[in-house]
Amino acid sequence: MGYINAVEVHNVVKSYNVGFQKIDVLKNISFSVKKGEFLSIMGASGCGKSTLLYLIGGLDQATKGTIILNGKNLNKLKENEQSAMRRREVGFVFQFYNLVPNLTIEENILLPLLIDGKSYRKNKSKLNNILKIIQMEDKKNRYPNELSGGQQQRVAIARALLFEPEIILADEPTGNLDSKTGSEIMRLFKSINKDFNKTIIQVTHSEEAASYGTDILRIKDGEIESKKSNFKTG
């Protein structure tokens with residue numbers, strides 16, 4: 001593939017109508033994310049950072065502007081094409097894990113295969129490799145309520161890796177964890193970024209979590225305040 005940017009955001013506006021009032025959540029946002037970059041998006045609550053992440057992932061649609069993901073203009077994709085892209089080319093990790101309580105860890109990780117109509121059996125080896133990455137080979141037959149919050153987030157990360165997506169989007173991935181466990185999760189993300197050359201975009205309010213990124217984008221009142229390389233990262 002000839003493109004060097006995993007994500008391009010061009011003049012994106014997101015507005016909502018509340019009664020007779022129009023509220024601009026994002027105001028003419030433009031930036032790009034190179035393949036292999038680990039971008040941390042920071043800003044105060046309500047600044048629009050999570051909205052921006054959902055737009056990039058195709059979970060919501062911009063009011064104006066263009067988002068290009070893996071070289072594809074989201075505005076030009078049909079609904080079924082967008083759905084397939086979300087399943088196969090983008091991995092999502094959320095603050096509250098979103099695991100199915102009555103499925104085992106193995107079944108939770110493999111769930112996207114069922115949704116995509118693929119065989120569990122043919123992907124067992126891929127599952128084993130992913131379990132090694134998250135260091136949970138011995139817990140694949142347990143259920144979410146038998147795991148700690150950090151372990152559940154590792155399972156959510158494993159599920160996001162199942163289709164080997166080029167891009168992983170994480171919304172406050174350490175927001176529900178204590179600081180020690182949060183640091184462990186961020187080290188796992190950093191390892192996935194460096195060892196597997198995955199492009200990662202995370203939204204966070206934590207300066208410590210943001211410091212694991214190669215770049216930091218700061219948003220204030222729906223506008224970009226700055227985008228800088230993070231020279232502290234290893």
Discussion item. Can you confirm whether Asn11 is farther than 30 Å from Ile109 by Cα, exposed (fewer than 14 other Cβ atoms within 10 Å of the Cβ) and at pLDDT 95 or above?
Written reply: yes
Worksheet item: Can you tell me which residue in the range 105-162 is nearest to the chain's Cα centre (by Cα), limited to those that are of a type in the set (Lys, Arg) and at pLDDT 85 or above?
Response: Arg159
Worksheet item: Any idea which of (1) more than 19 Å from Gln95 (Cβ to Cβ); (2) touching an Asp or Glu at 6+ places or on another chain (Cβ under 8 Å); (3) in contact (Cβ under 8 Å) with a residue 24 or more places away in the chain is the one Met186 doesn't satisfy?
Response: (1)
Practice prompt. Just give me the residues in the range 172-203 being charged (D, E, K, R) and either surrounded by 21 or more Cβ atoms within 10 Å (Cβ to Cβ) or over 21 Å from Leu53 (Cβ atoms) (or both), in sequence order.
Written response: Asp178, Lys180, Glu184, Arg187, Lys194, Asp195, Lys198
Worksheet item: Does any residue of the range 32-39 turn out to be at pLDDT below 95 and touching a Gly at 6+ places or on another chain (Cβ under 6 Å)?
Response: no
Fill in: Per-region count, the range 110-155, residues farther than 22 Å from Asp195 by Cα, of a type outside the set (A, V, I, L, M, F, W, C) and in a loop (DSSP other than H, G, I, E, B)
10
Practice prompt. Determine if the range 194-202 includes at least one residue that is hydrophobic (A, V, I, L, M, F, W, C) and at pLDDT 95 or above.
Written response: yes
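Here's the yes/no breakdown for (1) in contact (Cβ under 8 Å) with a residue 60 or more places away in the chain; (2) acidic (Asp, Glu); (3) surrounded by fewer than 17 Cβ atoms within 10 Å (Cβ to Cβ); (4) at negative phi:
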{"site": "Phe38", "(1), (2), (3), (4)": "yes, no, no, yes"}
{"site": "Gly48", "(1), (2), (3), (4)": "yes, no, no, no"}
{"site": "Asp60", "(1), (2), (3), (4)": "no, yes, yes, yes"}
{"site": "Lys78", "(1), (2), (3), (4)": "no, no, yes, yes"}
{"site": "Val90", "(1), (2), (3), (4)": "yes, no, no, yes"}
{"site": "Asn102", "(1), (2), (3), (4)": "no, no, yes, yes"}
{"site": "Ser125", "(1), (2), (3), (4)": "no, no, yes, yes"}
{"site": "Gln135", "(1), (2), (3), (4)": "no, no, yes, no"}
Worksheet entry | Among (1) over 24 Å from Lys34 (Cβ atoms); (2) without any contact (Cβ under 8 Å) to a residue 60 or more places away in the chain, the one test that Ala156 misses | (2)
Discussion item. Being in contact with a Leu (Cβ under 6 Å, 6 or more places away or on another chain) and in a helix (DSSP H, G or I) is the filter here; which residues of the range 156-198 pass it?
Written reply: none
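The values are calculated or read from the model by the stated rules, or taken from the named source; none is laboratory data. Owing to the predicted nature of the structure, the values given are computational and were not obtained by experimental measurement. A quick note on method: Cβ atoms are made from the backbone with ideal geometry, for glycine too, and the neighbour counts reach across all protein chains shown.
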